[in-house]
Structures are given as structure tokens and as C-alpha cells.
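Reading through the C-alpha cells given below for one structure.
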């Protein structure tokens, strides 16, 4: 793996599918919703393509007259099953903890609503590391528009050229590029590593601890106080 760019002092993370494994929760929520409105027409491979954009964008393409109704069906199921289906990704907690200890400025940039994002972060014990969370509730334009990333950078008093955006979707990679940050894709993306690689992130992470290697952090030494 090529090494960074030691001048990076800020890491922006997507949440779902990047820091916390919500894939089964999201897929099951979409399947539940699709079965309700379009019985027998959608399978797992079909709804995987829905992952990434906000729900409103996905449901608008299906039926512009039922965006709110379909969103409510999705969210009711999603909230009921949340704690049962959300899982952790190996190495994420340790990586974020190390970044925090080394003084990196950290933020979450997600297309989820704030309440649900915070719930997932708390479930995985990640909330203590993130004072800045930019959710769908705070923005007019979502990734890949630079607005949410710039909002996070401003809150952290950081600049794009010293930041990296880490995510599992093309929206994260394009959002970082549109903002002027470095970008990191995660190979465990539900859409597949090859799909994400086609958007040419600066680095592809096979595991989250690979981010530490990319940033040139030697985990064998203790951080200076």
C-alpha cells in the first residue's frame, strides 16, 4: 500500500457500511418495503443498488407520490430491527481509537438522519470519538455534493487539503473529490471492491487498520502525550 501524505490531520468517515455493518439491516428494510408495495418483484441483488443515496431519492424513482409513505414503512421496520441486525466491523473501533489518541480530527458525514446515526454509533461504542456528526438533517445537498463535507471540515477547523474522506460508496469518493480531500474506499463495500475502485479513490482499504498504515502511523509505538 502506498503511504500518505503525513500532512493529513483530519479523517471524515461515512457511517453505514464503513464504520458499522448495517448492510443486513438496510437490505432487510428495503426488502420489507419492496415486498409491501411490489410483492414478489424485488430480491436482494435488486435492492443492493438502492444503498447510498437518501431514501427520498430512491423512493422518488419508484413512485413520486409515495415517497413519504414508503419512507415511513422503511424506517418503522429499520428502527424495530436496528439493534438486532447491526454488527461491528473488525478493527474499526481500534483504528478510530488510535486516530483519536494521535490527535486526528474526526467527523462522521452520513446520509442517515441524526437520530438513527447516533443510535448506531452508540451501539458500537463509537460516539465518544466523534463530536462532529453531519447527517441528512443538517444539509440541503448531500454527498456527492461537497456541502456536508465542507460543513464537517468547518466544524473541525480543518481544510480539504489536509483531510481524507473514507467510505464504501461512490458518493463518498466523489464527495471527497468534489471537496478537494483525499479519498479512501473500503474493500468490504456491498457493491463490491471493483465497483468502488472504478471511481479511483486515492487508496483502497482491505481492512480499517490499513488506514493507519496509509497515514504512516506506527501502532507499535505509544502516542506522545
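The values are calculated or read from the model by the stated rules, or taken from the named source; none is laboratory data. This one's a predicted model, so the numbers in the text were calculated from it and none came from an experiment. Here Cβ is always computed from backbone atoms with ideal geometry, including for glycine, and neighbour counts include all displayed protein chains.
At-a-glance table
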read-out: Residues within region 165-181 that are in contact (Cβ under 8 Å) with a residue 40 or more places away in the chain, touching a strand residue (DSSP E or B) at 6+ places or on another chain (Cβ under 7 Å) and either surrounded by fewer than 22 Cβ atoms within 10 Å (Cβ to Cβ) or assigned to a helix (DSSP H, G or I) (or both), tallied; value: 3
read-out: Whichever residue in region 204-220 is within 18 Å of residue 17 (Cα to Cα) and out of contact with any helix residue (DSSP H, G or I) (no Cβ under 7 Å at 6 or more places or on another chain) and, among such residues, is surrounded by the most Cβ atoms within 10 Å (Cβ to Cβ); value: 210
read-out: Boolean, residue 24 is assigned to a helix (DSSP H, G or I), more than 22 Å from residue 215 (Cβ to Cβ) and more than 21 Å from the chain's Cα centre (by Cα); value: no
read-out: Condition check for residue 45: more than 25 Å from residue 144 (Cβ to Cβ), assigned to a helix (DSSP H, G or I), outside the structural domain of residue 165 (by TED's automatic domain parsing) and over 18 Å from the mean Cα position of the chain (by Cα); value: no
read-out: Elements of type helices (runs of 4 or more DSSP H) in region 83-160, at least 1 residues being within 24 Å of residue 53 (Cβ to Cβ) and free of Cβ contacts under 8 Å to residues at least 24 places away in the same chain; value: 114-123, 147-156
read-out: Selection status of residue 52, assigned by TED's automatic domain parsing to the domain that holds residue 105, at pLDDT below 95, under 20 Å from residue 190 (Cβ atoms) and surrounded by 13 or more Cβ atoms within 10 Å (Cβ to Cβ); value: no
read-out: Of residues in region 187-203 being modelled with pLDDT of 95 or more, surrounded by fewer than 18 Cβ atoms within 10 Å (Cβ to Cβ) and touching a helix residue (DSSP H, G or I) at 6+ places or on another chain (Cβ under 7 Å), the one nearest to residue 163 (Cα to Cα); value: 199
read-out: Count - residues of region 161-184 that are within 13 Å of residue 52 (Cβ to Cβ) and touching a helix residue (DSSP H, G or I) at 6+ places or on another chain (Cβ under 6 Å); value: 1
